[in-house]
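Asker: Structure below; questions to follow.
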Amino acid sequence: MLKKRLWIAAGIILNPAQDHIFITRRNANAHQGGLWEFAGGKVETHETAQQAVIRELHEEVDIEVTALTPLISLNHDYPDKALKFDFFAITKFSGEARGNEGQAGLWVAINDLHQYPFPEANAAVLAKIVEVYGE
């Protein structure tokens, strides 16, 4: 049976020095619960991926994005879900990033991201981050 592919836009939120990234922990009851992630969410029918990531980051981590660039796009299939991702590097924003929906959030050094468990779908994203922004 073919699963409908859910379109997700997520932000790789970089600090001004571009050596730390803000990550959040998924709610224990969510799909891939308890793992760390890059904030974002579903692209609505009337939105572009860019519009969705700006909206989602405002809702989830309380920032207003002022500069972003596409970083990587990919599809990933879990046994129970088919996902399409568009990840954006968020290089400028106003506000203080925080878990705005009660989720844990932290600034992590790019070279330490491997110490945090992420969903399987993020493996290529983590590699791209290290390639572009790592030391």
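Asker: Quick one: in segment 82-135, which of the residues that are touching a residue at least 40 places away in the same chain (Cβ under 8 Å), charged (D, E, K, R) and open to solvent by less than 70 Å² (accessible area, probe 1.4 Å) is nearest to residue 11 (Cα to Cα)?
Answerer: 86
Asker: Counting only residues that are of a type in the set (Asp, Glu) and assigned to a strand (DSSP E or B), which one in segment 72-117 is modelled with the highest pLDDT?
Answerer: Ranking the qualifying residues of segment 72-117, first place goes to 86.
Asker: Tell me which of these residue 109 doesn't satisfy, since it passes every other one: (1) under 13 Å from the mean Cα position of the chain (by Cα); (2) over 19 Å from residue 30 (Cα atoms); (3) not polar (S, T, N, Q).
Answerer: Only one criterion is unmet by residue 109, namely (1).
Asker: Does segment 118-129 hold any residues that are part of a loop (DSSP other than H, G, I, E, B) and either under 15 Å from residue 75 (Cα atoms) or among the hydroxyl-bearing types (Ser, Thr, Tyr) (or both), and which are they?
Answerer: 119
Asker: Here is a follow-up. Pull up segment 4-20, narrow it to residues that are more than 15 Å from residue 69 (Cα to Cα) and in a strand (DSSP E or B), then point me to the one that is farthest from the chain's Cα centre (by Cα).
Answerer: 5
Asker: If you don't mind, another one. Which residues, taken from segment 44-71, are part of a strand (DSSP E or B), over 21 Å from residue 83 (Cα atoms) and either open to solvent by less than 30 Å² (accessible area, probe 1.4 Å) or in contact (Cβ under 8 Å) with a residue 60 or more places away in the chain (or both)?
Answerer: 65, 67
Asker: Only one of (1) under 12 Å from residue 12 (Cβ atoms); (2) over 15 Å from the mean Cα position of the chain (by Cα); (3) among the small types (Gly, Ala, Ser) is not met by residue 28, so which one is it?
Answerer: The one condition residue 28 does not meet is (1).
Asker: Still on this structure: If the Cβ limit is 8 Å and pairs must be 6+ apart or interchain, which residue in segment 1-19 that is modelled with pLDDT under 90 pairs with which residue that is part of a strand (DSSP E or B) and not aliphatic (A, V, I, L, M)?
Answerer: Matching pairs, first to second residue: 3/77; 5/75; 5/84.
Asker: Here are the criteria: (1) closer than 22 Å to residue 5 by Cβ; (2) more than 13 Å from the chain's Cα centre (by Cα); (3) among the small types (Gly, Ala, Ser). Tell me which single one residue 104 does not satisfy.
Answerer: It fails just one condition, (1).
Asker: Restricting attention to segment 16-43, report how many residues are open to solvent by 70 Å² or more (accessible area, probe 1.4 Å), touching a Gly at 6+ places or on another chain (Cβ under 8 Å) and charged (D, E, K, R).
Answerer: Qualifying residue count for the region: 1.
The values are calculated or read from the model by the stated rules, or taken from the named source; none is laboratory data. Source: prediction; values computed, not measured. Here Cβ is always computed from backbone atoms with ideal geometry, including for glycine, and neighbour counts include all displayed protein chains. Please note that ligands, DNA and RNA were not included when accessible areas were found on the heavy atoms of the full protein model with its side chains. Shrake-Rupley method; radii C 1.70, N 1.55, O 1.52, S 1.80 Å.
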